[in-house]
Structures are given as structure tokens and as C-alpha cells.
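These notes concern the structure reproduced below.
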Amino acid sequence: LSLTEGPLHFYPHILVFFTGCDSIPALGFSPKPSLEFINHSRFPVANTCDNILRIPLHASYTAFKHDMDFAIRNSPGFGRA
């Protein structure tokens, strides 16, 4: 997962994982999306009702990228891997 390296067609998958929406609402999100860091999970967790993305801390970027890619690609709309 790299917003600078990844394909543009992957961005909507990130949005769906994070918010449960496949597009940005015309009036924006309510509540506003927020990001939290966790150290007790290998995979990210999204609370789509509250627009909270919990991202795990990893020892390396490679492990982080692998687990984020896996979670986002394998759990569309549910925010759990």
C-alpha cells in the first residue's frame, strides 16, 4: 500500500475499507475520519460507523505494506481482515 506508488484504481478500496463508502459524500463525512495507531494487532481495523482507521505498528515498511494490502484487498466493506 503506497499512495505514491500504488495504482489509482486501488484508492477506492482504501476508502471502502476505512469508511464503508465507495465515494466521498457531497457534504463530507460525519464524523470526520480519524486515524489511530495500535500495537496489539498485525492487521488494520476500521470502525466504519465512526470513520476510525486503526493502523498497527510494524518493525518494517515491507511488513506494514504487506499486511495493509492483504487487509484492504480481502475485506471489502467490513474493515477487518
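Kindly list, by first and then second residue, each pair from a residue in the range 39-60 that is free of Cβ contacts under 8 Å to residues at least 24 places away in the same chain and hydrophobic (A, V, I, L, M, F, W, C) to a residue that is assigned to a loop (DSSP other than H, G, I, E, B) and surrounded by 11 or more Cβ atoms within 10 Å (Cβ to Cβ), limited to pairs with Cβ atoms under 7 Å and residues at least 6 apart or on different chains.
Close Cβ pairs (under 7 Å, with a partner that is assigned to a loop (DSSP other than H, G, I, E, B) and surrounded by 11 or more Cβ atoms within 10 Å (Cβ to Cβ)) amount to ILE55/PRO44.
Please specify each residue of the range 31-69 satisfying the condition of being part of a helix (DSSP H, G or I) and of a type outside the set (D, E, K, R).
Going through the range 31-69, the residues part of a helix (DSSP H, G or I) turn out to be 61-69.
Across the range 31-69, the qualifying residues are TYR61, THR62, ALA63, PHE64, HIS66, MET68.
Across the range 1-23, what is the total count of residues that are part of a loop (DSSP other than H, G, I, E, B), modelled with pLDDT of 70 or more and surrounded by 11 or more Cβ atoms within 10 Å (Cβ to Cβ)?
The first filter runs over the range 1-23 and keeps only residues part of a loop (DSSP other than H, G, I, E, B), leaving 1-7, 20-23.
In the following step, the residues that additionally are modelled with pLDDT of 70 or more were identified as 20-23.
Checking the rest, the ones that are also surrounded by 11 or more Cβ atoms within 10 Å (Cβ to Cβ) come to 20-22.
Matching residues across the range 1-23 total 3.
The values are calculated or read from the model by the stated rules, or taken from the named source; none is laboratory data. These numbers were taken from a predicted model, which means no experiment stands behind them. Cβ atoms come from the backbone with ideal geometry, glycine included; neighbour counts cover every protein chain shown.
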